[in-house]
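Report on the following structure.
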Amino acid sequence: MWFSQAALSAWQSCPLKYKYRYLDGLYWPLATGGQLSIKIERGRQFHLLAQRYFGGWTGNPPGDPLLADWLEGLRGFLPLEPGLEYLPEYELRLGGAVPLLAKFDLLVVGPGAVTIYDWKTEDKPPGPGLAAAPQSRLYLYLLSASGYFPQGKEAAMVYWNPRFPKKPLRLEYSARQEEEDGAWLKRLAEEITGAAAFPPTQEEKNCRYCEYRPVCHGQSLEDVQEELLDTDEVDWDQVQEIELKGVIL
Ligand code: SF4
């Protein structure tokens with residue numbers, strides 16, 4: 001069992017969701033139509049464009065004006081610079097007592113530092129709450145503790161949303177934070193592997209964009225989608241990460 005940010009988030013959100021996904025292997029797509037699918041598909045296309053851009057692609061701009069605008073914004077935000085190494089869609093694993101894995105949207109390796117970039121496309125800029133999100137803690141810890149990059153101790157992470165190009169969120173990392181995150185990940189992994197029961201969450205909002213709604217509540221997401229799209233409580237990060245990277249990463 002490799003612990004990914006999706007697995008850790010699923011466990012924290014609802015132990016039953018974790019069991020369905022990772023122990024029972026029960027999986028089906030979250031969205032099959034409507035506004036949610038459109039948002040997810042646009043996010044997927046942007047991730048693909050970013051991957052191509054940082055991989056050296058020089059083709060025509062996308063036909064969709066919004067995507068073309070987003071790509072232009074990305075070029076302005078992070079122009080390709082000589083002397084830096086760009087590694088899009090980079091997967092990193094760390095074995096040991098707590099096996100961890102992550103697939104970064106982008107790693108930029110420079111002479112003294114390595115920075116993780118993560119793209120968000122929801123309707124809000126990346127907020128400071130992301131500093132404590134499982135994704136940030138896992139990604140930064142994994143990068144720093146892996147020792148894969150000699151400069152790993154100077155790891156940082158940047159969240160960027162093309163809808164808000166001037167509002168990136170940058171997280172620095174320290175040895176102290178690495179120690180705390182390592183202990184937190186160990187506790188969480190022990191909690192998961194030692195669990196004797198996987199109860200459903202008592203937080204109704206955690207069920208709103210869960211793919212197992214039909215199993216637990218007899219109602220698919222598409223049936224409730226319209227009434228929920230305007231809420232501020234939807235965890236778009238999770239929705240997008242699952243749809244874009246799958247349940248493993
Ligand atoms: S629908 Fe709710 S209770 Fe059921 S697995 Fe999802 S989050 Fe858990």
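The table for this structure:
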item: Options Y27, Y53, Y22: the member that is in a helix (DSSP H, G or I) and within 16 Å of the ligand (Cβ to nearest atom); result: Y22
item: Residue in the stretch 132-141 that is open to solvent by 10 Å² or more (accessible area, probe 1.4 Å) and either on the phi > 0 side of the Ramachandran plot or hydroxyl-bearing (S, T, Y) (or both) present; result: yes
item: Counted residues, the stretch 156-194 - those being free of Cβ contacts under 8 Å to residues at least 24 places away in the same chain and either within 16 Å of the ligand (Cβ to nearest atom) or not acidic (D, E) (or both); result: 8
item: Qualifying residue in the stretch 44-65 (condition: modelled with pLDDT of 90 or more, closer than 18 Å to Y148 by Cβ and among the charged types (D, E, K, R)); result: no
item: Every residue from the stretch 84-106 that is surrounded by fewer than 20 Cβ atoms within 10 Å (Cβ to Cβ), under 14 Å from the mean Cα position of the chain (by Cα) and among the charged types (D, E, K, R); result: E89, E91, K103
item: Enumeration of residues in the stretch 144-186 that are aliphatic (A, V, I, L, M) and closer than 22 Å to M1 by Cα; result: A145, A183, L185
item: Complete set of residues in the stretch 114-127 that are over 14 Å from the mean Cα position of the chain (by Cα) and buried (at least 16 other Cβ atoms within 10 Å of the Cβ); result: V114, T115, P125
item: Qualifying residue in the stretch 195-218 (condition: at pLDDT below 95, away from the ligand (no atom under 16 Å from the Cβ) and part of a helix (DSSP H, G or I)); result: no
item: From the options Q12, Q35, Q5, residue that is in contact (Cβ under 8 Å) with a residue 24 or more places away in the chain, away from the ligand (no atom under 16 Å from the Cβ), in contact with a Pro (Cβ under 9 Å, 6 or more places away or on another chain) and of a type in the set (S, T, N, Q); result: Q5
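The values are calculated or read from the model by the stated rules, or taken from the named source; none is laboratory data. If you're wondering where the values come from, they're calculated on a predicted model, not measured in any experiment. Cβ coordinates were reconstructed from backbone atoms using ideal geometry, including for glycine residues, and neighbour counts include every protein chain displayed. With ligands, DNA and RNA removed, areas are computed over all heavy atoms of the protein, side chains included. Shrake-Rupley method; radii C 1.70, N 1.55, O 1.52, S 1.80 Å.
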